[in-house]
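Visitor: This structure is in structure tokens; I'll ask about it shortly.
Values quoted throughout were computed directly from the atomic coordinates according to the rules given, and no laboratory measurement underlies them. Just so it is clear, the model here is predicted, and its values are computed rather than measured. For neighbour counting, all protein chains shown are included, and Cβ atoms are generated from backbone atoms with ideal geometry for every residue, glycine included.
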There are 4 protein chains.
Amino acid sequence: MRNLKIAIAGLGRIGRIHLGNLCQMKGVEIVAAMDPMEEGRQYAKNKNVPCIVSTYKEMLETTHIDAVIICSPTDTHADYVEMAAKAGINAFCEKPLDLSLERVVEVLEVVAQSNVKLMLGFNRRFDKEFKKVKELVQNGAVGQPHLVKITSRDPGAPPISYIEKSGGLFLDMTIHDFDVARFVVDKEVEEVYAKGAVLIDKAIGEAGDIDTAIVTLTYTDGTMAVIDNSRQASYGYDQRVEVFGSNGMVQSNNNFMDSHKLYNEKGIHAALPLHFFLERYKEAYRIEIQDFISSLGSDSDVPVNGNDGLESLKIGLAAIKSLEENRPVKLAEIC
Amino acid sequence: MRNLKIAIAGLGRIGRIHLGNLCQMKGVEIVAAMDPMEEGRQYAKNKNVPCIVSTYKEMLETTHIDAVIICSPTDTHADYVEMAAKAGINAFCEKPLDLSLERVVEVLEVVAQSNVKLMLGFNRRFDKEFKKVKELVQNGAVGQPHLVKITSRDPGAPPISYIEKSGGLFLDMTIHDFDVARFVVDKEVEEVYAKGAVLIDKAIGEAGDIDTAIVTLTYTDGTMAVIDNSRQASYGYDQRVEVFGSNGMVQSNNNFMDSHKLYNEKGIHAALPLHFFLERYKEAYRIEIQDFISSLGSDSDVPVNGNDGLESLKIGLAAIKSLEENRPVKLAEIC
Amino acid sequence: MRNLKIAIAGLGRIGRIHLGNLCQMKGVEIVAAMDPMEEGRQYAKNKNVPCIVSTYKEMLETTHIDAVIICSPTDTHADYVEMAAKAGINAFCEKPLDLSLERVVEVLEVVAQSNVKLMLGFNRRFDKEFKKVKELVQNGAVGQPHLVKITSRDPGAPPISYIEKSGGLFLDMTIHDFDVARFVVDKEVEEVYAKGAVLIDKAIGEAGDIDTAIVTLTYTDGTMAVIDNSRQASYGYDQRVEVFGSNGMVQSNNNFMDSHKLYNEKGIHAALPLHFFLERYKEAYRIEIQDFISSLGSDSDVPVNGNDGLESLKIGLAAIKSLEENRPVKLAEIC
Amino acid sequence: MRNLKIAIAGLGRIGRIHLGNLCQMKGVEIVAAMDPMEEGRQYAKNKNVPCIVSTYKEMLETTHIDAVIICSPTDTHADYVEMAAKAGINAFCEKPLDLSLERVVEVLEVVAQSNVKLMLGFNRRFDKEFKKVKELVQNGAVGQPHLVKITSRDPGAPPISYIEKSGGLFLDMTIHDFDVARFVVDKEVEEVYAKGAVLIDKAIGEAGDIDTAIVTLTYTDGTMAVIDNSRQASYGYDQRVEVFGSNGMVQSNNNFMDSHKLYNEKGIHAALPLHFFLERYKEAYRIEIQDFISSLGSDSDVPVNGNDGLESLKIGLAAIKSLEENRPVKLAEIC
């Protein structure tokens, strides 16, 4: 079987991770990279990528590409996916596809009419902890799921400049939790009630966002999920999920720096959770891109498709509306 | 110092626990007991209670009493407290004082005009786990509290006959969690949003109640709490609390049957939580009644007063209204 | 069924615990107490014990007694048990029966020729943790046991005056672990190798004892146990056991003050083990004396008999010899 | 700075791991590989190693080499290290250097007279768990160390053919624990007492080895360590260490497959330890070889030197003698 020819768009933090993982993979040939910034292009050069350009269009035209990995800024995602689909190139795109529901729908239609595969980068689906929870739920280990609880707290708030463009907490951060809420129990969300506050940094409020939230989701079958978020957990990155059902409960916990326990006269002391998402999800990123590559070489679907992006976006938009109007909002209202 | 003369009204499950604990206490003399049922009176007889009667009125009139422990059915609580207050007798009363807000207000006014102490039986405040969480929060160990999370799941649903009279999940079960939410961070609740479902037993729904719920509370300072409830956790009684703040997080866990871990080829296996509230809160009940007795012999306030009962009831009534109308309800609407 | 008439010899720390527990028990009547010290007798008086004397002989002669609880100093144990046996009175005796093997054998023969029951106070056998381990081992949960590991560390060293009379670490402290080693796997010990050191307090060494030890036991079937001891664990009382077998492993852990976990930027912090044996084994003491009482009223054997005391003593004496001669010592050498 | 030219001898299981890690490292150029087996050479070919040969001698002569990674069978280690040293080539050698103490001493002398660095492959020193324990001990977190406890159990026994040549349990398996015992407290061992048995597989006994052991080590300062070993833990690879000292205790635990906890009516269930040493120590292997490479480019010593191999071998030989003669053996007796 011939190697898959892969191009990568954007060599910022995430792009470099994907490039590093792709370089280790059998059957993969990195044929091109693009980055409008000199620094990104230099990074690709050091990794011996043969064709390095500064525009996406040029990259698609220059060389034969089987799939493109899109890690460029959010506002380019929709265009880049659309261009790839029209050129018959499969795409892996970091979330979100776009902050506008209309634009996402439009792009997904283009993808649907093409013959290409599109995968969205919801990395947590590839983390061993979340996968194990889903697997146990799927196997019936907890019976019928009644309640899903997701804790998702970042170690520190992003810069205000990021928040201003990100769509805010619900679209840049909670959107992962919305996806997890759908993923672990394989149910669709019908209604959202979001409560939020600015408790960490007034500047976040001045930028029109919140930094702390509790979101209640109601699935179409009447069961419920609750997500709690904070932009800043002093003890690091906090990512837990719990599914309670008719026959049991399953929880996954954080991953810690090490397992040591120190006993002294003041108490018992242990290590903190891995501090940053790049450490916690290092292995998940590797498996994510591996699974994308595997799906290209087979008849199987991609593990996270355009609709998964669409649904999470709808939940996010409903959460924003709910917060603004302080009332539960049906997803059906978002369209 | 002379012994305190204590009477006990109602010798059902809880009454017997209080009687047992009182019998161990120094400075306490059980002088009377009342129960309309022969079985309850016989129980008191076996414990050598000197004066045993079948009506509350008779008990108050027969002998000198310093304080009465009211463990009779809920619909007698208000009357019994009122009668005690008017007779100048201190009272410990199991929660709730009454399901009607008007009646509670009325009784609390009678108590206020009397010279007696009234304590409400929110037993979790005396549990070492909840106390430790409150103590750490109070000491600033988590900084400014931002989020409170309470998990409260019963090992099995009560009989439908109980549910029909109890006021429903929010007034018979979540009311403890409402009190815990106020207790651990010492904040008042301003708004309630309740979402519920019947997922365990249709008969519960037919009785007009729910068996599964997620309740979001907003405190007056804009911080938030979330409570998740189930009438039936297959693995036993699940009682956890977590307070997340600007500088840290504190969690308390269940109490388990034992600490064993069994490793075999299938996994690692451990013991379940203590199954029933009487086991989990055995020591809390002892301390609760001890603290009541101690407060009688001193100038100190009772650790749970009438207002604590009133506030929890208001939150419960707001939760009921919220569930019915599927919207957040301000406590100010309840009056 | 008539009440059992119980007398208690010695109202020091342990005697008071047993008395307190006995007072709660149905079918038990405390008929007499003895203590050579005024303070002990006063304690009994406050507990309304009807007959209170200052010598053991007087107590046995004064009133009809079904069983005596012997909590007096170690050097009285053998005589008191012997006197009880000769008087046809059942006895519960705190360990050890005596520090002299000859004397123990002698007393056990007197007991054997009498018709009375003798139980030794190895309290850990009644602790839920050790019981659970034994139960799982017995049920085959770990398959054939290969290794037993016991950690036993005290929160602080006893006074030198105690150490001088106690028989030393192996006879006053490790003797409990020797019993646990026999108890959890129901095997007899054949050989002992003891290594010890004075690492905590030179005065202990000057008193002829050690404060830190590792003892390897070989059972008659060739499987092994290892015990580690310290007189002083800065973090409190440390009591753990682990049994490893052909199909798995079971561990029991300490019991902690509470379950809280505090996360802050320095780490995760939890509560210490219960600090003192009286707290850790509070419930074990209650069950121990309850089981003794139950065995009296039935045909069943006492749960810890004279031979259990004898075997542990032999192991202890072998450990002493092993330490002195720095070589493994067979139990057969001790006689 | 120019790249370091690295050659690798032996491309079995461990050789491939080192090769994979070296390929990821900056400043490293794999210049040659040798393996007497076609399969090993083919593996190197697929990894694009430029010079691939079938004898060690040929490899050393063919190309310029800065360092060689020796992963060939144990009986070649001493010769290969010697040849490298004489050729002025630095060497990383998998443990043990040799099973013969005389030969090890001889080789170390050759190394000492040369100008090369020799590092031994005690991989656990690079595992985050053991490193953390050492770091805390070094920082005084437990005060003066009194007791070291090491649990080391394999998931399954190796083939009898391996055991016949390996030197037996103490030299092929416990030798890692002997190194850990020295490493975590930075103390030298003076005396060994080993107790062992054949409890898992009679064939192991017939091959002259044991499969289960408890080894007590006494350090030169009188403090002690105890190691327990089994060739076969049904629940996987069990690698724990505990250091108890005057001011506290530190423990490290296994690394588990994931963190899930499943609660159901039968109990709480969690995932097993990582099953195999290659999974548990995957990252340790990477850091180990990285640290070797780093030490070459600097004046710093290698983190595990020839003396570390020598001391562990002495302890192992003392353990063998102790087991045979059932008595404690001083290291001074081994020479």
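Visitor: Give me the orientation-averaged projected area of the Cα convex hull of region D:164-224, in nm², one decimal.
Guide: 4.3
Visitor: Are there any GluC sites (Glu not before Pro) in region C:213-304 that are in a DSSP loop and have at most 16 other Cβ atoms within 10 Å? List them by number.
Guide: Taking region C:213-304 and a limit of 16 other Cβ atoms within 10 Å, the loop GluC sites (Glu not before Pro) found are C:Glu265.
Visitor: Let me check I've understood the local charge: for A:His269, count other residues with C-beta under 9 angstrom from its C-beta, Lys and Arg +1, Asp and Glu -1. What total comes out?
Guide: So the environment of A:His269 carries a net charge of +3.
Visitor: Another question, then. Under 10 Å from the Cβ of A:Val243, count the other residues' Cβ atoms, weight Lys and Arg +1, Asp and Glu -1, and hand me the total.
Guide: +1
Visitor: Also, quick follow-up: Output ³J(HN,Hα) for region A:30-41: one whole-Hz value per residue in order, computed from phi by the Karplus curve 6.51 cos²θ - 1.76 cosθ + 1.60 with θ = phi - 60°, and x for Gly and Pro.
Guide: Per-residue couplings from phi come out as 7, 9, 7, 9, 10, 7, x, 9, 4, 4, x, 5 Hz.
Visitor: Next question, about the same structure. Can you list the copy-to-copy distances for A:Gly297, using a point 7 angstrom from Cα toward Cβ, in nanometres, shortest first?
Guide: Label-point separations across copies, in nm and ascending: 3.3, 7.4, 7.9.
Visitor: While we're looking at this one, here's another question. Among A:Met37, A:Met249, which comes first, second and so on when ranked by fewest other beta-carbon atoms within 10 Å?
Guide: A:Met37, A:Met249
Visitor: Here's another thing I want to ask about it. Taking every DSSP beta bridge that has both residues in the protein assembly as shown, what percent is antiparallel when rounded to the nearest 5?
Guide: Of those bridges, close to 60 percent are antiparallel.
Visitor: Given chain A, what percent of its DSSP beta bridges are antiparallel, to the nearest 5?
Guide: 55
Visitor: At q = 0.24 Å⁻¹, what log₁₀ I(q)/I(0) does a Debye calculation on the Cα points of region B:234-273 give, no solvent, two decimals?
Guide: The computed values of log10 I(q)/I(0) come out as -0.84.
Visitor: Given DSSP loops and a limit of at most 14 other Cβ atoms within 10 Å, what is the longest stretch of chain C that contains no such trypsin sites (Lys or Arg not before Pro)?
Guide: C:27-265
Visitor: So what's the convex hull volume per residue for the Cα atoms of chain B, in Å³?
Guide: Value for chain B: 160 Å³ per residue.
Visitor: Mind listing the label-point distances from D:Pro73 to the same position on all other copies, shortest first, one decimal in nm, points 7 Å along Cα→Cβ?
Guide: Label-point distances to the other copies, shortest first: 6.3, 7.0, 8.7 nm.
Visitor: Let me ask another. Lys and Arg at +1, Asp and Glu at -1: add these up for the other residues within a Cβ distance under 9 Å of C:Phe126 and post the number.
Guide: Every neighbour counted, the sum reads +1.
Visitor: Using 30 Å as the Cα-Cα cut-off, could you pick out the over-long pairs in B:Lys131/B:Lys266; A:Lys128/C:Lys261; B:Lys26/C:Lys261; C:Lys195/D:Lys132?
Guide: B:Lys131/B:Lys266; B:Lys26/C:Lys261
Visitor: Calculate the mean, over all residues of peptide D:241-249, of how many other protein chain Cβ atoms lie within 10 angstrom of the residue's Cβ.
Guide: Going residue by residue through D:241-249 and averaging, the value is 6.
Visitor: Then there is this: Per the helix-only calculation at 222 nm, which mean residue ellipticity applies to chain B, given -39500 (n - 2.57) for every DSSP H run of n ≥ 4 and division by its residues, nearest 500 deg cm²/dmol?
Guide: -11500 deg cm²/dmol, from helical runs alone.
Visitor: Based on the Cα atoms of region D:1-130, what semi-axes does the equivalent ellipsoid have, where each is the square root of 5 times one gyration tensor eigenvalue, given in whole Å with the largest first?
Guide: Working through the eigenvalues yields semi-axes of 22, 17, 16 Å.
Visitor: If you don't mind, there's one more thing I want to ask. Across 10 Å bins from 0, what is the distribution of all Cα-Cα pair distances for the protein assembly as shown, in whole percents?
Guide: All Cα pairs, binned at 10 Å, distribute as 1, 8, 14, 17, 18, 17, 12, 7, 4, 1, 0, 0 percent.
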